Every structure is written in C-alpha cells, then in structure tokens.
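The values are calculated or read from the model by the stated rules, or taken from the named source; none is laboratory data. All values derive from a computational prediction rather than experimental measurement. When we count neighbours, we look across all protein chains shown, and the Cβ atoms used for this are built from the backbone with ideal geometry, even at glycine. For the accessible areas, the whole protein counts, side chains as well, though only heavy atoms, and no ligand, DNA or RNA atoms are used. Shrake-Rupley method; radii C 1.70, N 1.55, O 1.52, S 1.80 Å.
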Amino acid sequence: MISEAQPMISEAHIHHPNYVKIWAILVVLLMVSLLGSMSSIRSVVLIAAFGVALTKTYLVTTNFMHVNVEKRWVPYLMGIFLAFMVILFAAVAPDVMKHSGLRWSNDAAKHAVESGMQPASTKHE
Amino acid sequence: MSTRPISNTRSVTGIPSARLITWWVIASEIVIFGGLLATYVMHNLGHPEWRAAAMHTNTWLGALNTFVLLTSSLSAVLAFKAADTLDGAKAAKFLRLTALGGTIFLVIKGIEWTREIHEGFVLSSGGFWSFYYVLTGLHGLHVLAGMIILLVVAADAAKNRELQRVECIGLYWHFVDIVWIFLFPLLYIAR
Amino acid sequence: MSTQVPHAEQGIFQKYFWSTDHKIIAMQYLFTGMAMGLIGGYLAYVFRMQLAFPGHSVPGFGIVTPGEYNTVVTMHGSIMIFWVAMPVLIAAFGNFLIPLMIGCDDMAFPRINRLSYQIFLLSAVVLVASFLVKGGAFGGAWTSYPPLSASGAYNLTPLGASLWLVAVALEFVAFLLGGVNFIVTAMNSRAPGMTMYDIPMVVWMIVLASIMFMASVGPLIAGAVMLLFDQTLKTGFYDPARGGDPLLWQHLFWFFGHPEVYVVLLPAIGIVAELLTVFARKKLFGYKTILYTTWATVIISFLVWAHHQFVAGIDPRMANIFSVTTLLVSVPITEMVFLYIATLYGGSIRFHTPMLWAVAFVAEFMIGGVTGIFLGASGTDIYLHDTYFVIAHFHYTFVPIAIFSVFGGLTYWYPKMFGRMLNDTLGKVHFWGTAIPFNLIFIPLFITGAAGDQRRTYNYALFAEQSRPVLQHLRMFATFGLLVMLLFQLVFLFNFFWSLRHGRRAEANPWMANTLEWTVPSPPPHGNFAKLPTVYRGPYEYGVPGRIDDYWPQDVPN
Ligand code: HEM
Ligand SMILES: [Cu+2]
C-alpha cells in the first residue's frame, strides 16, 4: 500500500499564543459573570452573564480553536448554521413564546403561567 | 489499520481531511444544541413562572464546573501545541489531563443532579426542570463521548501515531466547552 | 503509484458485510432500500385496497381495522421517505458515484462510512421489528404530531410510537455520519485538475443535499428526544397545560421536513442532469447557472417550512410571510426545469430506457411543482389542506424523485455496478408500465381531493359529510392504477436479477459518457483506478465541434 503522502498535522506550524494567559483571562471573566449575578438589577445580571459568555466564546474560538487562522469560509459556515437557528427562533417564538396574537390566544399556556406565578408570590420562603 | 486510502490523504481545500470533517461535525452539533437552546429560551421567556424553579440550581457548583471545563480546554490546546512539535508523549499527557477534567466535571454534575433529585426536582417536575435535565444531560453525553475519544487519541499519540487527531479532538472539546459557556448563564444565572 | 492490493482470502462476511469499500457499501444501501421499498409498496397496496373496497378482506393482509389502517399509512410514508428515498438516492448513489466520479479510490473515511450503514441497518431493523410489538407499529402519521404521538392513550400504539422515534433518530445519525463523509470527500479528495466547476452535477447535488440535511435535522433530533421523554418519562414539552407547546413539534418537524423534500429532490435532479446530457449528446445548458440556482434553492427552502402549518393555528402574520417565501422558492426550481429543457433543445436525443425516465421525471415533476403553488398560497391551502389534493401533489413530486430518477439512474449505472447491461426492451416495458399507471393513480386523487376527500380516513362511508359515494369509482380507479403499477414492478425485478447473470457484458463505457467512472472497467476493481486520473475539462463536453468523437472524457489530455 503506497500512499501519496502521509497525512499532515497541519499545513504549517501555526503560531501558538500564550495559552495560559488566555485561560487566566477566561477565569477572570468567569469571576465577572459571578459578580454580576450578585447584583439585584436584572439587566446588570443579564448583561454581565451574556456579555461574558460572548467574550469567552470569542476568546476560545480564536485562540484555542484558531478560527482566525483557519480558512475564511469555516467561520462563515459556522455563522450560517447559527443564523439558521436565529431564523428558527424568530419564526417559532411568535407562536411558542407569546401566548396571544392576532386573533388567537393560548389559554392553556396563560393558565399555566397564572397558576405558576401564584405560589411564588404568596408563599415566600 | 495502517492502510489508508489515497482519498484520505488528499487535501484539495488545504484543510486536512481529519480537521475538515471535525468542522462539519461541529456544524451539525451547532444546530442540535442551537435548536434545543432556541426552544428553551423561547419557552423560558414565555413562562416567567419558571424563574422560581430556576432559583434552585446551585450557581457555585455551576461556576466550579465552568472553571473545570475552561481548564480542561487549556490542557487540550496544550496537547495540540505538543503534537504540533511532534511530541506525542507530552500530547498524550495533556489529553489525559483533559479527560480527567471531563471526569471531574461529570462528578460535580452528578452531585448536583443528586441534590436536585433529593430535593424532589426530577425530569417531570415542570417545564424548567425538563429542559434543565435534557440540556445538561445532552451536554454531559457529549462530555462523556469526548472523554472516550480523548483517551483513544491519547493512546495513539503516546506512540507518536495519528498525531493529526490531537488537534481534532481538541476542536471538538472546545466546542463542548462553548456550549457549557452558554448553558451556565442560561441555567444558573439568568433567572 | 499503485492502489490497494485486493485481499486474497476475504470471507464472504468480510467482503459483503464488513467491507469498507464504497462500492460494497453502496450496494448494501441499495439492496436495503429496495427491500424497504417492497414493504412500503405492499403497505400502499393494503390501504388502497381498504379505500377502494372498505371493510372487505384484503388479499394477503385480511380485514383492515381502523388502528391497522393508521399503522399502515404511517409506516408507508415513513418508510418511503426515510428508508427508501434517502438511502437509495443519497447513500447508494452517493457512495457509488462520489469516489468514482471525482477520481479517487474510496471515501475519505471508509470506516465511518461502514459505521453509517450499520447504524442505518439497525434503524431499519428497529422499524420493521416495531410491527411485531404489542399494539403494532406506530399509527400517529409520519409527521408524528403531538398530542396524538405523545400519548399512547391517543395513538393506541405506545410501544410502536417510541420505537418509531428511536428508529428515526438512528437513521438521522446514520445520514449525518454518511453526509460528513460525502462532503469531506468531495471537497478534499478530488483528482488533480478537477476544479469546482468540473464536478459532475450529481456529485454537487448529493453533497448539497447532505449539507442541507445536516443543517436542518439538528433541532429535530433535539425535538425527538423531547417527544420520546413526553411519551415515556412524563415530561410536558408538548403539553400546553404543563407549560409546553404542541406547535413547537410542528415547527421543529417541518424546519427539517421541508428542506428534507429538497434533500431527496437534489440528488434526483443531479441524476437527471447526467442522463439528459449523455442521451441528448449535448452540453448541460448553464452549468454554473444551475449550480447557483441550486444554492439559492437551498437557502430559500430553509425559509418556507411553516407552509405545512397554515391551518395549525400559527400566527397569521407569519403565514403571510411564509406564503411569499413559498412562492419565491418555486422560481429557482422553475428556472432549473427550463435549463433542463434547453439542454434537450437541438440535441441528438437517444431514447434508451434511462433517457425515458429522465424526460418523464421533468414532465411529471412539473405537475407536482405547479400544484404546489395552490398549496403554498395560504388562502387556497386552508381549503385544500389534508385532502387528497395534497397527497396527489406530493406524490407528483416524490414518485418522480424516488421512482423515476432512481430507475433512470439504476438503468444507466447498472452496467458500471454489475458489469452487465439491463435488457432495454424489458426496461421500456417497465417504464411505460410504471409511468402510465402512476398518472392513473394520482390524477383521480387530485379530483377527489379537490372535492373534499380528507386524507387519513379509514372508511368514508362512516362519515356522513365525507361519504360522497359519487367519488367511490374514482377511489377505486386509483387503486386499480396502483395494482397495475405494482404488477409491472415484477418486470423490473426480473430484469434486474436476470441480467445480473445473463445480461450482455458491459464494456467500460457503454454509453460513451465523459465522467470518470466510465474510464474504469465495469464493475470497477477494488481501489477503482489502476492509475489515478487527472482531469482536464468539465464533465459535459458532448458534441464539441471539430472533434471526431462526439464525447470528450474528462481525463483525456488535450
Ligand atoms: C407505489 C406508489 C404509491 C402509492 C399508490 C401511494 C399512495 C399513497 C396514498 C393513497 C397515501 C395517503 C394515505 C392516507 O393518508 O390516507 C400516501 C401517503 C404517503 N405517501 Fe405514498 N404512495 C406511493 C408511493 C410513495 C413514494 C415513492 C413516496 C415517497 C418517496 C411516498 C410518500 C408518502 C408519504 C410521505 C405519505 C404520507 C403518509 C402520511 O401522511 O401518514 N409514497 N401514499
Ligand atoms: Cu414544504
């Protein structure tokens, strides 16, 4: 069995950033999201949590997964697949997330919300 | 098996086939987790009453697990760096460390589940819990699968074989890490 | 450079069941698909007989109970799409053709390929086994809508319902594994010199279909797990009283389900493209236009899924948007049909059997497409939904796809697959014996549907507002059409198996075609090419002025 070439590890040795430093930043970011979660202002909690998640994703994809030096279409492809999920969300949410709309209403869901909210406000542990 | 077809060694795109197939696998996983997360988010937004249930998840354990996964990602990428310099033994060491991280993650996750089940929150305890168990369970299965592949790749790498796979399992592992990076705020913080 | 030495002492099992050779795996998919096709056809026979002669014992089955009727219809649809169209069009043709047509020795990952088939086989076994469990196989329709599918108390087939989900999920995994392999092989393993625009259309189409499948099926895999838990572990994902939503399943199903119809369509139009050019001896008209059009179709077909849910209670503003996108998606498809007709125009057409199938595909598929316009407009669809008009519509698309193009492709590549020619006369008899009855089945069903016949109805006489006795002769007519069509399939089966032994031996290139698979012996040896080819031109250089031969193989230097 003669093959044309041995499989390559990667075309050329890539530049390796200081991975431990990136990891340290990621851990600090984790702290930030934890700190944020202690805030009593909901929007601060959410922005801290999801801002950190997005930043972490950026750091992991570029530095650990090396998408910045990968062929350009690879991140685009991932982006397209993600975009399909955004479209799915946008078109399904009007039916599933909302419980009433133009000439329709989802009474079962409304009822579930109502009865679910009651004990939360009355019996406060 | 040492015979590999020529089709496996060709690389018209400039991306080696092993890495290329990994990217496509990740793409297909993006839509699996993406679809599940999208449905969770829309349900969650439509059901404010789920927040009471979400109060019962343990943020500290979740954060600890985030830390564990981030660290295991670090050792995965260090394994790749070692493989890049053709140091198979070192790569294997880091891969096994990564798998160890996965084990710790699953143990902590198991402790969480046990606590929650003891408190009476099971799969059928309402919308939030159903999603919680499905999301973390599916993610946990990916961690488990990743660990098995890590160990297989490590066994080969220790003998300086199939070093190109070190990068691929790393990519997959980072992806599983990223999924958790989003599960953490969704299940433990945003409530 | 040499290719793999054939293994001298391979047992039968090693060779035919444990092989990593793409050609063997293609045959495994082909024969499994054909076997499942026989089951699917038998089920169609059972429910058509019940509809034509309600209450009478069906020869070869017996009295059809209402529950059995549901099972039979559900299984017919599931099998034909997931276990016939998918494995044959994508997996069998994809496995056989991709390595040969792009000039390499196998798939990029042969063992993943073998695993793909094994998982597929397992899924088929689970599905067929589900006929035997208590309550019988699933009877909640191939679309498996909750709450019907979520509760055994409603669908009456609790075990069958869960097994169906497991089987479908396994099948998805098999095609994901197969798909990544197809995509990577076509991207990375092409022969030197083969640019993006030298790839034969059918390879492009199978690869695009695999990408589409992959991008659409993810959410449904998650959704299937949720449905399985609703059935077995008392969750309420699809139960509105417990915070869930049944509409969610419909969305997840059709977010996959609509792209899925293009997943099977694309390989079919790819096969037809190869047949049209070879037998018209003409260059494919507008190769790049077809390619870009297909890309547009792929994208747009992700934006139309809710046209299956116009009457499900979705937000009416969404229904408007989805009407528009649905009408939009017919534009690129129409364009493609025009390009195919333009390919025929002025060609020196040879009506061998494969060409008959290809031309019939274009003609019949147009009817399916045109009737889709009525359904895509949400106004008319409110009336036509769930009637036999829908049934007739999608069979005018699916039968050309899963039957016509497959028979066309099989008769065309048969010599390459098995080293012998099929009998052309028998092939033509089979063609007319299939194409004519096909129209006799479904034209009447357009009429009964437009008159209001609901689908998934066990016995019309039982419902006063559905009875319409005047339509009974049309219902019977359709059933007779089916009987004739099924009978003529025996001609094909005979031709297929008889020719394996007794057909005329095929030389390497019996059709004088350009693509690389015709440069190797029929059937190709293990490893395919004695010397791996280099590609010098596109696949469709037929009738080039100034050349003596009217074809110009891709691997011949200038
Ligand atoms: C052999 C010729 C065929 C005949 C006579 C036939 C007949 C029918 C009929 C009458 C129905 C409606 C049953 C009902 O809802 O009451 C049906 C359903 C269906 N058929 Fe076929 N069919 C044939 C081939 C195919 C093929 C080749 C495919 C796909 C590749 C297919 C896919 C389907 C699907 C998806 C359904 C819907 C099942 C459901 O709604 O539960 N059929 N068929
Ligand atoms: Cu559709």
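In terms of its C-alpha gyration tensor, segment A:35-125 comes out oblate, because a/c is 1.5 or above while a/b does not outweigh b/c. Translational diffusion coefficient of chain B (Stokes-Einstein, Kirkwood radius from Cα pairs, 20 °C, 1.002 mPa s): 120 µm²/s.
In segment B:176-190, the residues whose accessible area drops by at least 50 square angstrom when the other protein chains are added to the isolated chain are B:Ile178, B:Ile181, B:Phe182, B:Ile189; the probe is 1.4 Å and only protein heavy atoms count.
With the simple spin-label model, which puts each label point 7 Å out from Cα in the Cβ direction, the C:Ile436 to C:Asn320 separation comes to 5.0 nm.
Rounded to the nearest whole Hz, the Karplus-based 3J(HN,Hα) values (6.51 cos²θ - 1.76 cosθ + 1.60, θ = phi - 60°) of segment C:221-226 follow the sequence 4, 4, x, 5, 4, 4, with x at glycine and proline. FRET efficiency for B:Val152 and A:Asn68, Cβ-Cβ distance as r, R0 = 22 Å, nearest 0.05? About 0.15, to the nearest 0.05. When shorter helices are ignored and each DSSP H run of at least 4 residues is given -39500 (n - 2.57), the per-residue value for the protein assembly as shown at 222 nm works out to -22500 deg cm²/dmol. Shown for segment C:167-211: residues covered by the partner protein chains by 10 Å² or more of accessible area relative to the chain by itself (probe radius 1.4 Å), namely C:Leu176, C:Val180, C:Ile183, C:Val184, C:Met187, C:Asn188, C:Ser189, C:Arg190, C:Pro192, C:Ile211. Please report how many Lys pairs in chain C have alpha carbons closer than 21 angstrom, counting only residues at least 8 apart along the chain or sitting on separate chains. Eligible lysine pairs with Cα atoms under 21 Å apart amount to 7. Between B:Thr66, B:Thr85, B:Thr136, the residue with the greatest mean-square fluctuation in the GNM of chain B (Cα pairs under 10 Å linked by springs) is B:Thr85. Heavy atoms of the protein chains alone define the surface here; on that basis chain C has 36 Å² accessible area per residue at 1.4 Å probe size. The interface between chain C and chain B buries about 3100 Å² of solvent-accessible area in total (1.4 Å probe, ligands and nucleic acids excluded). Which shape class, rounded, prolate or oblate, goes with segment A:15-70 when its Cα gyration tensor gives a ≥ b ≥ c as root eigenvalues, a/c under 1.5 marks rounded, and past that a/b bigger than b/c marks prolate? It comes out oblate by the Cα gyration axes. Across chain C, the convex hull enclosing all Cα atoms gives 149 Å³ per residue. Split chain C at each of the trypsin sites (Lys or Arg not before Pro) in a DSSP loop with at most 14 other beta carbon atoms within 10 Å, and the longest piece is C:1-133.
Residues B:His56, C:His56 ordered from highest to lowest accessible area at a 1.4 Å probe: C:His56, B:His56. Overall, the accessible surface of the protein assembly as shown at a probe of 1.4 angstrom is composed of carbon and sulfur to the extent of 70 percent.
In order along segment B:27-41, phi translates into HN-Hα couplings of 4, 5, 6, 4, 6, 5, 5, x, x, 5, 5, 4, 5, 4, 4 Hz, rounded to whole numbers, per the Karplus curve 6.51 cos²θ - 1.76 cosθ + 1.60 with θ = phi - 60° and x for Gly and Pro. In this structure segment B:16-189 gives 31 Å² per residue of accessible area when probed at 1.4 Å with all protein chains present. Using a Förster distance of 45 Å, how high is the FRET efficiency between A:His16 and C:Gln14, based on the Cβ-Cβ distance and rounded to 0.05? The computed FRET efficiency comes out at 0.55.
Near the amide H of C:Tyr542, within less than 5 Å, lie the amide hydrogens of C:Lys283, all on another chain or at least 5 residues away, with H placed in the peptide plane. Under the simplified labelling scheme, the C:Trp295-B:Ala145 pair shows an inter-label distance of 3.0 nm, with each label point 7 Å from Cα along Cα→Cβ.
Amide H contacts for C:Arg420 (H built 1.01 Å from N in the peptide plane; partners 5 or more residues away or on another chain; cut-off under 5 Å): C:Ala506. Between the beta carbons of C:Tyr383 and B:Thr85, assuming R0 = 60 Å, the FRET efficiency works out to 0.30 to the nearest 0.05. Put a dot 7 Å past the Cα of C:Ile349, heading toward its Cβ, do the same for C:Arg501, and the two dots end up 3.8 nm apart.
Taking segment C:499-529 and a reference point 7 angstrom along Cα→Cβ of C:Ile548, the backbone N atoms nearer than 18 Å belong to C:512-513. Which shape class, rounded, prolate or oblate, goes with segment C:20-113 when its Cα gyration tensor gives a ≥ b ≥ c as root eigenvalues, a/c under 1.5 marks rounded, and past that a/b bigger than b/c marks prolate? Prolate. Between B and A, roughly 5500 Å² of accessible area is buried in total, ligands, DNA and RNA not counted and the probe set to 1.4 Å.
For C:Gly503, neighbours were defined as the other residues whose beta-carbon sits under 11 Å from its Cβ, and their charges (Lys and Arg +1, Asp and Glu -1) total +3.
The A and C chains share an interface that buries close to 2100 Å² of accessible area, total over both sides, probe 1.4 Å. Taking every C-alpha pair closer than 8 Å and separated by at least 6 residues, the mean separation divided by the residue count of segment B:16-189 gives a relative contact order of 34 percent. When both segment C:348-417 and segment C:197-268 are represented by their alpha-carbon centers, they are found 22 Å apart.
For segment A:108-114, the Karplus equation 6.51 cos²θ - 1.76 cosθ + 1.60, evaluated at θ = phi - 60°, returns couplings of 4, 5, 4, 5, 4, 5, 4 Hz by residue, with Gly and Pro reported as x. Based on alpha carbons, the Rg and Dmax found for the protein assembly as shown are 28.1, 92 Å.
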